[in-house]
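Student: Below: one structure in structure tokens.
The values are calculated or read from the model by the stated rules, or taken from the named source; none is laboratory data. The structure presented is a predicted model; accordingly, all values stated were derived computationally and were not measured. Neighbour counts run over all protein chains shown; Cβ positions are idealised from the backbone, glycine included. Ligands, DNA and RNA are stripped out before the accessible areas are found, and what is left, the full protein with its side chains, is counted by its heavy atoms. Shrake-Rupley method; radii C 1.70, N 1.55, O 1.52, S 1.80 Å.
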Amino acid sequence: MTVLGGRPHGLTSLAVDDDLDPRPRLVVVGTGMAGARFVEEVLERGGGEQFRITVLGDEPHGTYNRIMLSPVLAGETGEDEIVLNSHDWYADNGVQLRAGVRVERLDTAAKLAYASDGTAAPYDHLVLATGSYSFVPPMAGVRRGDGELLPGVHGFRTIDETRAMLDAVGRCRRAVVLGGGLLGLEAARALQGHGVDVDLVHAAPWLMNAQLSREAGAVLERSVAALGIRVHLDVLATEVLGEGHVEGVLLRDGRRLDCDLLVVAAGVRPHTDVAVRSGLEVERGVVVDDQLRTDDPDVYAIGECAQHRGEVYGLVAPAWEHARVLADVLTGTDPAAEYHGSRTATKLKVAGVDVATMGMSAPERDSDELLVVSEPKRGVHLSVVVRDDRLVGATLLGDTRRVAALTQAFDRGSALPEERIRLLVDLADGPAEVAVADMPADARVCNCNGVTKGAICGAVADGCGSVGAVMDRTRAGRGCGSCKALVAQVVEWAADGDVAEDPAAAWYVPGVPLAKPDLVAAIRERDLRSVSAVFAALAPGGKEDARSKTGLTSLLKTVWGVDFLPEKDGEFINDRVHANIQRDGTFSVVPQMKGGVTTPAQLRRIADVAERYEVPMVKVTGGQRIDLLGVRKEDLPAVWADLGMPSGYAYGKTTRTVKTCVGSDFCRFGLDDSTALGIAMETRFQGIESPAKVKMAVVGCPRNCAEAYVKDVGVVAVGTGRWEVYVGGAAGASVRKGDLLATVGSPEEVLTVAGRFVQYYREHANWLERTYDFVPRVGPARIRSVVVDDADGTCADLDAALQRSVDAYTDPWGQDGPEPATPGQFATSLPLLPLPQVPVR
Amino acid sequence: MSVTDTRPVAPPGVRAHTVGRAEDVPPGEGRAFVAGGVQVAVFRLRDGSLHATQAACPHAGGPLADGQTDPDVLVCPLHLHGFRWRDGSSTGDAGPLTVYPVREVDGLLVVDA
Ligand code: SRM
Ligand SMILES: Cc1cc2nc3c(=O)[nH]c(=O)nc-3n(C[C@H](O)[C@H](O)[C@H](O)COP(=O)(O)OP(=O)(O)OC[C@H]3O[C@@H](n4cnc5c(N)ncnc54)[C@H](O)[C@@H]3O)c2cc1C
Ligand code: SF4
Ligand code: FES
């Protein structure tokens, strides 16, 4: 099993327990969302110096965002993306993490926490953050003799359960989900997205009965049914069928639903066993006071396992509020801090139906006002409950555009418009920015993290220049993520449009307000051949924009080929000196080594150059060639001359290396000569300007030794002279298997099909859009129809355009080595000041 | 200026230094020079204007002379932080940049540092 957020060298971080360390011991039980946040809050208050902190968690993983398990199950989010605090994070922050260790009971007199590994951890303060578990309702046959769930039956609470389901979906045809609450609906939709046929069984008379009124529930039911999920209401499942593996469930009314996967999402129960065994007061949850203290003065409980003023919450926002208050109390930042309960709001994340609810779903007093807008046909049902001129509840189904404004009114209890209908319907249909401008500073934007509009504006004022930077600083949007759009709006508003993430996402570059096709058309029509000509003709006020230059240079090279008018300042420094800039201002030199094949003579020359120019590091790259790192700018021309090898284009937004395996010449499995084809490809496609880098590989059989399935263009020999061409693969920041574009019968056809694809990509992709985004965006079927079936009749044009670029190739190292393109092209820009040096190995 | 401010400070008696010839800095580009012990980067924009800044990026020491420019900002090549010519302030959250007066005198570049 892979440990999520783990470290290669072991599960737990070791810390020597120093008896001389006078700091009190703070022990946290549970590495979930409450426990981890509590540790963060303590560290933020300087508690790392105050306490020796130990965290014990039942799960072997680091802390992950449990909320995001729904999108993970849906395949929309990778599991690595949901890690919140990795094992390294704990180690880096001086917190001893003991992952995979379960606490069994506390000895509150001796102040020891007994754990499943036989150890006893001493504590001065102990925090229970044990969360909840999936409740499995009593059903005959649901468990095996040993008490384990029948294979095929899964809860939905942990990453391991999610992985197990993801593993199962490939083999399943039919699933039954028990529970029509938030979790059940998310699970049902996620499974359905994997092509599984889903039945949803809910014991209550309408869906999401805890949050929705009966009418709203009925509207939701229609929308869910319209997605193709069969909904069975007001009925209990009484028996799970199947011997070694689940085969179906029996409902109380006698119906039988066949399935090979059963997901139980019928509610959660707080993990209270440790508290019970330790003699602490437990009702539904571990009972705590306004300072989150149990009836033992040194034991606290937070998150879903805690019961405060009779309430047990099942959401993350209250858990995080607990964490804040308790951190204030324990670190002494605010010893009198108190928690007084939370108002809760929820949203459905993956269901394909928008649902947001807050507070009450129906009026409770005679004097309560209820306003309903219901359009069951469109699947829309909106309602608000108003008490004493304050919003005390809202339900938005099928149309959540008003959620921001309503959340604000709900959180703040602010005065409401006279015309109540304005709460639900934007009569003026004004733009969203107006709403943002109108929001008061203490309006909550991110509910999970309690981040207000004021906090976001503060971060922008402090210099956070992008939505991402603001999210990092304030944590807004880092919970369930459903507020990201609103966060972006607030950031834009606060920054007056000066945001790094450009609102005009459709423009090819930020400084010219045109999408790529329009820009190309304008460039051709007006015969614009240089970057400055484009700015003069097409930018607002003719104004240059530093951040647009590199993208324009690339586009102009693609459009005009040799007829492009180069301007050095239009190029990124890498392209200006044909090498990749390093952190200390030196450069790396990667000579071409087609297909990863070299010769003793080449190696000797590389060795000589490395010695002659005191190259600090010589490294074999992940791209099957040799990198000389740390070359001084002023030495570049001489290094190239002495190498006598062409550029490998390791620095450019161009075609790069073609990796190959040894293929049929040497390998006992080789089906064809992959090495020769790879070299042919690298020769044909060398140095071709493209929207982002293009990496290729050719392998001699599907064992895929040179990783062709995960390249922008990957070619696989499948025997009898046939080759498969894959496109859009990736194994960088994204990992994606390429889509099969065509299977062809000769190396020549591979070159043709791959060339057409590359040219189509050059013409249609956005600046910096890798093929792993481009291919799914356009759709493999569409690409196939254009470049293989010639559906648009453009193949001849694509072939010709690519051929022009192939013919225009010149080795840049040969070019301005002898004669600099501009004065001082290779003059050092290295400051005299000491800089972080690239280490010499 | 606070004691933690590490920007290169012009000594009390700011002096004019000739750092090179006008043609050493091609249009749109930047080059690094030394002006009386201070390392500076001098830029000639496409509109003909001259600008000079400290040579090392306040973010992580990047070689600013290798950056890209427009009439408003200079963008460092290493992590693409932007700095306003106007006052050296960052468009993001990097530290501010010291800017120096620069002019062309009889075909020579003169920086006050
Ligand atoms: C040298 C090398 C690492 C090594 O020591 O092996 C390397 C080094 C760098 N990679 Fe890489 N990548 C190297 C192979 C890879 C590979 C593997 C491969 O090509 O088979 C990948 C995964 C495939 C891919 O391209 O996605 C890879 C994915 C990246 C990415 C992530 C791109 C993405 O969209 O996911 C970046 C960042 C970027 O492009 O913005 C990156 C960026 C970089 C940069 C250019 C960082 C930068 O922007 O300055 C590094 C420059 C070092 C230098 O000056 O030489 N490098 N990089 C490898 C050079 C291969 C070559 O011979 O050309
Ligand atoms: C699929 C899914 C979707 C959700 N969506 C949302 C949403 O959209 N919005 C929202 O607000 N909330 C949502 N939630 C609920 C949210 O995840 C919880 O409210 C939150 O995780 C509670 O945090 P916690 O730390 O109290 O519990 P948990 O995150 O469950 O953490 C408890 C941890 O304690 C460990 N533990 C238990 N007993 C012991 C022991 N004896 N010894 C050591 N360790 C122990 C457990 O293994 C677990 O790791 C969702 C939950 C799920 C499962
Ligand atoms: S993985 Fe990161 S650090 Fe390593 S070479 Fe690539 S970009 Fe640089
Ligand atoms: S060093 Fe200049 S932006 Fe990082």
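Yes/no matrix, rows are residues, columns are (1) open to solvent by less than 10 Å² (accessible area, probe 1.4 Å); (2) within 16 Å of ligand 4 (Cβ to nearest atom); (3) more than 34 Å from the chain's Cα centre (by Cα):
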{"position": "A:GLU611", "(1), (2), (3)": "no, no, yes"}
{"position": "A:GLU614", "(1), (2), (3)": "no, no, yes"}
{"position": "A:ASP627", "(1), (2), (3)": "no, no, no"}
{"position": "A:GLY630", "(1), (2), (3)": "no, no, no"}
{"position": "A:GLY644", "(1), (2), (3)": "no, no, yes"}
{"position": "A:ALA650", "(1), (2), (3)": "no, no, no"}
{"position": "A:THR655", "(1), (2), (3)": "yes, no, no"}
{"position": "A:VAL658", "(1), (2), (3)": "yes, no, no"}
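Student: Tell me the residue from B:VAL102, B:VAL75 that is of a type in the set (Val, Ile, Thr), in contact with a strand residue (DSSP E or B) (Cβ under 6 Å, 6 or more places away or on another chain) and under 15 Å from B:ALA35 (Cβ atoms), please.
Tutor: B:VAL102
Student: Out of the stretch A:537-563, which residues are open to solvent by 20 Å² or more (accessible area, probe 1.4 Å) and away from every other protein chain (no Cβ under 11 Å)?
Tutor: Listed by number, the residues that qualify are A:ALA537, A:LEU538, A:PRO540, A:LYS557, A:THR558, A:VAL559, A:TRP560, A:GLY561, A:VAL562, A:ASP563.
Student: Also, I was wondering about something else. Write out, first by first residue and then by second, each pair whose Cβ atoms fall under 8 Å of each other, whose residues are 6+ apart or on separate chains, and whose first residue, in the stretch A:406-419, is in a loop (DSSP other than H, G, I, E, B) while the second is crowded, with 18+ Cβ neighbours inside 10 Å.
Tutor: Partner pairs satisfying both residue conditions: A:GLY413/A:LEU391; A:SER414/A:GLN408; A:LEU416/A:VAL386; A:LEU416/A:LEU391; A:LEU416/A:ALA409; A:LEU416/A:LEU423; A:PRO417/A:LEU423.
Student: Here's another thing I want to ask about it. Restricting the search to the stretch A:560-597, which residues are within 24 Å of B:VAL75 (Cβ to Cβ), among the β-branched types (Val, Ile, Thr) and away from ligand 1 (no atom under 16 Å from the Cβ)?
Tutor: Result: no residue meets the conditions.
Student: Which residues, counting only those in the stretch A:195-234, are more than 32 Å from the chain's Cα centre (by Cα) and of a type in the set (Lys, Arg)?
Tutor: Result: A:ARG214, single match.
Student: Also, I was wondering about something else. Take B:ASP24 and tell me if it is open to solvent by 10 Å² or more (accessible area, probe 1.4 Å), among the charged types (D, E, K, R) and touching a residue at least 60 places away in the same chain (Cβ under 8 Å).
Tutor: yes
Student: Which condition does A:ALA733 not pass, out of (1) more than 26 Å from A:VAL718 (Cα to Cα); (2) open to solvent by 60 Å² or more (accessible area, probe 1.4 Å); (3) in contact (Cβ under 8 Å) with a residue 12 or more places away in the chain, if it passes all the others?
Tutor: Answer for A:ALA733: the failing condition is (3).
Student: Given the criteria touching a strand residue (DSSP E or B) at 6+ places or on another chain (Cβ under 6 Å) and within 14 Å of chain B (Cβ to nearest Cβ), does A:GLY824 qualify?
Tutor: It is true that A:GLY824 is touching a strand residue (DSSP E or B) at 6+ places or on another chain (Cβ under 6 Å) and within 14 Å of chain B (Cβ to nearest Cβ).
Student: Which one of the conditions (1) charged (D, E, K, R); (2) outside the structural domain of A:GLY181 (by TED's automatic domain parsing); (3) crowded, with 18+ Cβ neighbours inside 10 Å does A:ARG143 fail to meet, given that it meets all the rest?
Tutor: Failing condition for A:ARG143: (3).
Student: Would you be able to tell me the number of residues in the stretch A:572-591 that are more than 16 Å from ligand 4 (Cβ to nearest atom) and touching a strand residue (DSSP E or B) at 6+ places or on another chain (Cβ under 6 Å)?
Tutor: Selection size over the stretch A:572-591: 5.
Student: Another one. Restricting the search to the stretch A:283-314, which residues are at pLDDT 95 or above and assigned to a strand (DSSP E or B)?
Tutor: A:VAL286, A:VAL287, A:VAL288, A:ARG293, A:VAL299, A:TYR300, A:ALA301, A:ALA306, A:GLN307, A:HIS308
Student: Starting from the stretch A:796-821, keep only residues that are of a type in the set (D, E, K, R), then list their pairs with residues that are in a helix (DSSP H, G or I) whose Cβ atoms are within a distance under 6 Å, requiring at least 6 positions of separation or different chains.
Tutor: A:ARG804/A:GLY561
Student: While we're looking at this one, here's another question. Of the residues A:ALA91, A:ALA109, only one is small (Gly, Ala, Ser) and open to solvent by 60 Å² or more (accessible area, probe 1.4 Å); which?
Tutor: A:ALA109
Student: Let me ask something additional. Counting only residues that are more than 15 Å from A:VAL268 (Cβ to Cβ) and either polar (S, T, N, Q) or open to solvent by 10 Å² or more (accessible area, probe 1.4 Å) (or both), which one in the stretch A:169-191 is modelled with the lowest pLDDT?
Tutor: A:GLY170
Student: Something else about it: Do you know which residues across the stretch A:695-718 are under 21 Å from A:GLN803 (Cβ atoms) and surrounded by fewer than 23 Cβ atoms within 10 Å (Cβ to Cβ)?
Tutor: None; the set is empty.
Student: Can you tell me which residue within the stretch A:262-312, out of those that are basic (Lys, Arg) and closer than 19 Å to A:ALA109 by Cβ, is farthest from ligand 2 (Cβ to nearest atom)?
Tutor: By that ranking, first place goes to A:ARG293.
Student: Of the residues A:LEU200, A:LEU183, A:LEU220, A:LEU207, which single one is in a loop (DSSP other than H, G, I, E, B) and within 30 Å of A:PRO363 (Cα to Cα)?
Tutor: Answer to the selection: A:LEU207.
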